[in-house]
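Take a look at the structure below.
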Amino acid sequence: MIRRFYHKKLYDLITPGKVFVLYGPRQVGKTTLINHFCDEFDGTIFRSTGEDLQLQEILANSSVQQLKLFFEDYDLIFIDEAQMIPNAGQALKIIVDQIPDLSVVVTGSSSFKLSSAIGEPLVGRQRIKKLYPISLLELKSELGWFDVKGRLDEFMIYGMYPELFNMTSRTERIDYLHQIKDGYLFKDLLMLENLRNSNKVRDLLKLIAFQIGNEVSHQELGKQLGMSKNTVARYLDLLEKAFVLINVRGFSRNLRKEVVKTSRYYFYDNGIRNALINNFNDLNTRNDVGQLWENFMFIERMKMREYKQIHAETYFWRTYDQKEIDLVEQREGNLFGYEFKHRQNKSISAPADWQKAYPDAEFKVISRDNIEEFVLN
């Protein structure tokens, strides 16, 4: 088992009087992480899931006195997939206010639905963290950087879901990723939209999978799928909230020819992207290695920033005459531009328009040869 970044930090994050909220995609180890904490916890624990109908009824209809009666003898409450409980926030607020020695932990795989269920009542009473598929940062601590870097091809193809690290055969990994794609990927979206099947959403994601690193037109996607652009936009928004996709907007401060009104999308995991297009071939036989590298580096950077609490606004940069930078971070008042190249065979400088418009900005090319600072520090 790979030890997660938050493993020891949970002792500071989970405290009486607060609700600890752990968001993240399905199957990335949220339940396992909290269960390990519970196994080491010295106290009485109530564990349940948002799918428990009795718990749903208790949290929806109970009075202050009843909630105290149900939970005052516990030291810790853990509710997994809490987005399944409508309007749970008010009950959780009462619990943490009325039982001050009690700690509460909830997990969720839909940021929209869980926020709707617990959001406003818990303002000032919650700590929120995100858990992602395994990160290179976590692997370094467990395996050592030499071994980690030697497996980059594997990670680019199969992704970083925790369960994959217990598997050795190619067939087993591919079967698992298809199970994730078919059984879990759309579950929250289908519940949110009451869709009878996910074919349209799957087709939409396939189109996005082929456009990593390119701007996406809602109108063009709608034409290909037989949907309105507004429906496409709504599905993409929900896929973001269900931790399937990340939306990145264009950056601009002062150039008229900078592109700002379009979006690029990245997948939370390369393995899911490859499952959607059913391509797990070796890198030396593929024509999308650049896209795989860009998606992989973008996500690993996002994981590192989240875990190390590096706050940044993220964008891409492009002009109408096709000059571009893959990732722009705006943090602490400074700009940092990053270009992703799987193999860097020659020196690459920042585009002249970028240098002229933002002379104080930093610029780096991120290749296999120099990822350490980018994904670890």
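For region 284-345, please list each of the strands (runs of 3 or more DSSP E) lying entirely inside it that holds at least 3 residues being touching a residue at least 60 places away in the same chain (Cβ under 8 Å).
Correct list: 313-318, 324-331.
Inside region 356-375, can you point out the residues that are in contact with a Phe, Trp or Tyr (Cβ under 8 Å, 6 or more places away or on another chain) and farther than 19 Å from Leu292 by Cα?
Once the filter is applied, which keeps residues that are in contact with a Phe, Trp or Tyr (Cβ under 8 Å, 6 or more places away or on another chain) and farther than 19 Å from Leu292 by Cα, region 356-375 yields Ala361, Glu362, Phe363.
Restricted to region 46-82, and to residues that are surrounded by 17 or more Cβ atoms within 10 Å (Cβ to Cβ) and of a type in the set (Val, Ile, Thr), which residue is nearest to Thr31 (Cα to Cα)?
The extreme case among them is Ile79.
Among the residues of region 127-157, write down those that are part of a helix (DSSP H, G or I) and surrounded by 19 or more Cβ atoms within 10 Å (Cβ to Cβ).
The answer is Leu136, Glu138, Leu139, Val148, Phe155, Met156, Ile157.
Looking at (1) more than 20 Å from the chain's Cα centre (by Cα); (2) free of Cβ contacts under 8 Å to residues at least 12 places away in the same chain, find the lone condition where Asp237 falls short.
With (1) more than 20 Å from the chain's Cα centre (by Cα); (2) free of Cβ contacts under 8 Å to residues at least 12 places away in the same chain applied to Asp237, the lone miss is (1).
Identify, from the list Asp182, Asp188, Asp175, the residue that is closer than 21 Å to Asp269 by Cβ, modelled with pLDDT under 90, of a type in the set (D, E, K, R) and loosely packed, with under 15 Cβ neighbours inside 10 Å.
None of the others qualify; the one that does is Asp182.
Give all pairs with beta carbons closer than 6 Å in which a residue from region 206-232 that is closer than 24 Å to Asn270 by Cα and free of Cβ contacts under 8 Å to residues at least 40 places away in the same chain meets a residue that is small (Gly, Ala, Ser) and surrounded by 13 or more Cβ atoms within 10 Å (Cβ to Cβ); count only pairs at least 6 apart in sequence or on separate chains.
His218/Ala233; Val232/Gly222
Regarding Ile85, is this residue surrounded by 23 or more Cβ atoms within 10 Å (Cβ to Cβ) and within 20 Å of Lys30 (Cα to Cα)?
In short, yes.
Show me the helices (runs of 4 or more DSSP H) found entirely inside region 27-98 where at least 3 residues are closer than 19 Å to Leu10 by Cα and either without any contact (Cβ under 8 Å) to a residue 60 or more places away in the chain or of a type in the set (Phe, Trp, Tyr) (or both).
Counting at least 3 such residues, we get 30-40.
Quick check on my filter: what residues within region 65-105 are modelled with pLDDT of 90 or more, farther than 15 Å from Pro16 by Cβ and of a type in the set (Val, Ile, Thr)?
Result: Ile79, single match.
The values are calculated or read from the model by the stated rules, or taken from the named source; none is laboratory data. Given the structure is predicted, the values throughout are model-derived calculations rather than measurements. Backbone-built Cβ (ideal geometry, glycine too); neighbour counts: all protein chains shown.
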